[in-house]
1. Which of the following residues is among the aliphatic types (A, V, I, L, M), farther than 17 Å from LEU59 by Cα and within 10 Å of the chain's Cα centre (by Cα): VAL37, VAL44, VAL6?
2. Scan segment 1-23 residue by residue and report those that are surrounded by 11 or more Cβ atoms within 10 Å (Cβ to Cβ) and not in a helix (DSSP H, G or I).
3. What are the pairs, 6+ residues apart or on separate chains, where a residue within segment 54-68 that is in a strand (DSSP E or B) has its Cβ under 7 Å from a residue that is polar (S, T, N, Q)?
4. What number of residues within segment 25-34 are more than 14 Å from the chain's Cα centre (by Cα), of a type outside the set (D, E, K, R) and exposed (fewer than 11 other Cβ atoms within 10 Å of the Cβ)?
5. Which residue pairs have Cβ atoms under 8 Å apart, sit 6 or more places apart or on different chains, and have a first residue in segment 30-47 that is aliphatic (A, V, I, L, M) and modelled with pLDDT under 85 and a second that is surrounded by 13 or more Cβ atoms within 10 Å (Cβ to Cβ) and in a loop (DSSP other than H, G, I, E, B)?
6. Quickly run through segment 32-76 and pick out the residues that are touching a helix residue (DSSP H, G or I) at 6+ places or on another chain (Cβ under 7 Å), farther than 15 Å from TYR4 by Cα and aliphatic (A, V, I, L, M).
Amino acid sequence: MPIYKVSPATEQDLVNIYFRGLKNGGEQADKYQCHLVSAFHTMVNNPDLGRKVAIRPQLQQYDVIPYVIFLSKVQLWNTYCSRFI
C-alpha cells in the first residue's frame with residue numbers, strides 16, 4: 001500500500017473543514033472528513049487520475065468538490081511517497 005503524508009497546512013485545513021462542518025450540522029463534518037480521506041487513498045493508489053498543474057508540474061490536482069487537493073510525489077528511501085499540500 002502506498003504511503004502518504006499531509007503537510008501541516010493540509011492538516012490545519014482538515015481541522016478547519018471539520019469544525020466548519022460541525023457549525024453546519026454534525027453529520028456534514030463527518031461526511032466531509034470521510035470523503036476527503038477516501039479521496040486521499042484513491043489518489044495515492046491512482047496518482048495519474050489528477051491533472052498536472054501548469055505552473056507547478058510536480059503537482060497533480062484533484063477536484064474533490066467543493067475542494068481542490070494537490071498531490072506531490074516525493075522519494076523516500078527508494079520508495080515513492082505522496083504528500084498532500
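The values are calculated or read from the model by the stated rules, or taken from the named source; none is laboratory data. What you are looking at is a predicted structure, and each value in this text was computed from that prediction instead of being measured. As a convention, Cβ positions derive from the backbone with ideal geometry for all residues, glycine included, and neighbour counts pool all protein chains shown.
1. Result of the check over VAL37, VAL44, VAL6: VAL37.
2. Answer for segment 1-23, where residues must be surrounded by 11 or more Cβ atoms within 10 Å (Cβ to Cβ) and not in a helix (DSSP H, G or I): PRO2, ILE3, TYR4, LYS5, VAL6, SER7.
3. Listed pairs, sorted by first residue: GLN58/SER72; LEU59/SER72; VAL68/GLN61.
4. Total meeting the criteria: 2.
5. Taking only residues 6 or more apart or on different chains, the pairs are MET43/GLY50; VAL44/PRO2.
6. Hits for segment 32-76 are LEU49, VAL64.
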